[in-house]
Amino acid sequence: MRCTAARSTAVDPERLRSGVRRGRLVWRRSMGVGGRRYEMTAGLGDGRPATQSETVRRLVTRPDGLQALLRWLASQINGYVVLADAKGEPLQASPRWPTELLADAREGIRRVATGKAASATVDTASHTVWVSTAGGEDPPLILVVASGKPFSSQRRKLISEASGYLWLRWRLEELQRHSERIELANEQSHEAALQLLLVGDSAAARRVTQALGSFLPEVTRVCIIECPPRLRDECLKECEQAIHGRVWLVRCPVYTRHLIILAPPKREDASDPLDEALGAIVANRRNCYVGIGQAVHLRDIETGYEQAFHALAVARNSAERHATFSPRDELASLIGPVGRRWAAGRIQPLLDHRPRRAQDPDTAELQTTFASWLNFSTRAPRQLKIHRNTLAGRLRLIADLLDCDLDDLATLAELHLAQRLLSQPRRAGEFDDVSDEVSLDRLLGAPHVVRWAQNRLSDVGKSDPRLLHTLRVWLGNNGHLPSTARSLRLSVPATRKRILRVEQILERSLLNAPSALCDMQLAIRIVDGRDEKG
């Protein structure tokens, strides 16, 4: 094996950039969502037969430009081409580079990488290997080519010209990968802050937003866009352009069709660019829906999210495909702070839990898991970022602690109400004058709570008595559609259609979590209990 060094005839990067600016090749940088997008276009097409130089420029601008140019160059020299780092590790090759050839070229690569030689030629038993730098960065990008015949001056000229474009394309793709990493980190940080808000930890969420250099207003409204997954990035970009970074846009970790938007309250005295953008998304695309919640305090983002989710259920069944949450009294808010004592007693074993081993979930983890499962059901693992078997194990532990059957909807409705009552803000001295134990029946028997339940069921019954019967049967079957369909002697699609009509009347989601399923279970319990008392 013989290694010789020579002056390089590679294209100078500065001359290459100059040529790019003169229009032979255009390197465009455009802003994308959360980062930059880089692309290359060639200014060819005057009808002349393509020269080798024009072929190089055409290939490098293809979506697979780097590999396309490597393949073409390998075919031109009837050999092998590899891009390597300063240590000689292959980065891209065409075709697959023989291991023994790269080992033979190590010394030449070392000399070029350390600047001891501008280029090097290595003669092996079967090939001539030429090593040179591609571009002028430090650490350098090394171009290694091998052929069964010595390199003629024409071949060296071709390789030198191609090396400049290979460097440019490699640099472009590196910038794109770097941009994508930044965008991914930004998305994950925004999602982490949203997760903290959804579990009520607004202080930690603020710390995350401050670390990101972002801002979330104290009063925020939540919007949800539902669209096919392939359109999520497109819809996100339109919203980003409309509001110029003044809101947060997060891809929902639970529903792949959802985008979650956290925005400032709507100004009554001016047009709202976000509303205009959301309206345009719905108007210009089929299968896109928008639900908007009311303005809530940052610590109540979970409530705002549920409001937007309920509005989305209405939007799916409306001609406008766009809906705003209709405020009605919710059961937990009607019962109010007086229900906190009952709620704490109902889940006290869970609050008192102490893990036996360091690796076991503690009370906070179990409460977060339980709240997520109550809100998202089988989709909770997506929000919690845990395996479904981990969720199942935690739920078994919770069921043992509370000594209950979590598959029973009546039990689940009680626990859901307890969790909602405990999540409400507590004021100092709230229970100082309360000495009697408060039962759930007493809480549900309050006149204003009874009126709420009667009104809810009356709304459904007045529209179509069959709908109220369907709702009762469905709740009696623990919200299980196939069992309900068998009981009603209907098909599952027909049963689902009836429940969707109930959703329209109540203006609340029932089939998808977070839903008003538990509230309706308690509404029936209240009305039936009232009727039994006469």
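Nothing in this text is a laboratory measurement; each read-out follows from the coordinates by a stated rule. Treat the numbers as computed from the prediction; the structure is a model and nothing was measured. Neighbour counts are summed over all protein chains in view; Cβ atoms, including those assigned to glycine, are modelled from backbone coordinates with ideal geometry.
Observations
- Taking the Cα centre of the chain as origin and assigning +1 to Lys and Arg Cβ atoms and -1 to Asp and Glu Cβ atoms, the resulting dipole is close to 2400 debye.
- Among complete DSSP H helices in the chain, none has alpha-carbon atoms stretching at least 15 Å along the helix's long axis together with a mean Kyte-Doolittle hydropathy reaching 1.0.
- The simple Förster model, with R0 at 45 Å and r as the Cβ-Cβ distance, assigns R62 and E276 a FRET efficiency of 0.75.
- Length released on extending from R396 to D85, taking residue separation times 0.36 nm less the Cα-Cα span: 106.7 nm
- Estimated distance in nm for a label pair at S483 and E437, the labels positioned 7 Å out from Cα along Cα-to-Cβ: 3.1 nm
- Between L175 and S333, the modelled label-to-label distance comes to 5.1 nm, taking each label 7 Å out from Cα in the direction of the beta carbon.
- Projecting label points 7 angstrom from Cα along Cα→Cβ for D403 and Q188 puts them 4.4 nm apart.
- For the pair D362 and A283 in one chain, pulling the backbone fully straight at 0.36 nm per residue adds 23.7 nm over the alpha carbon distance.
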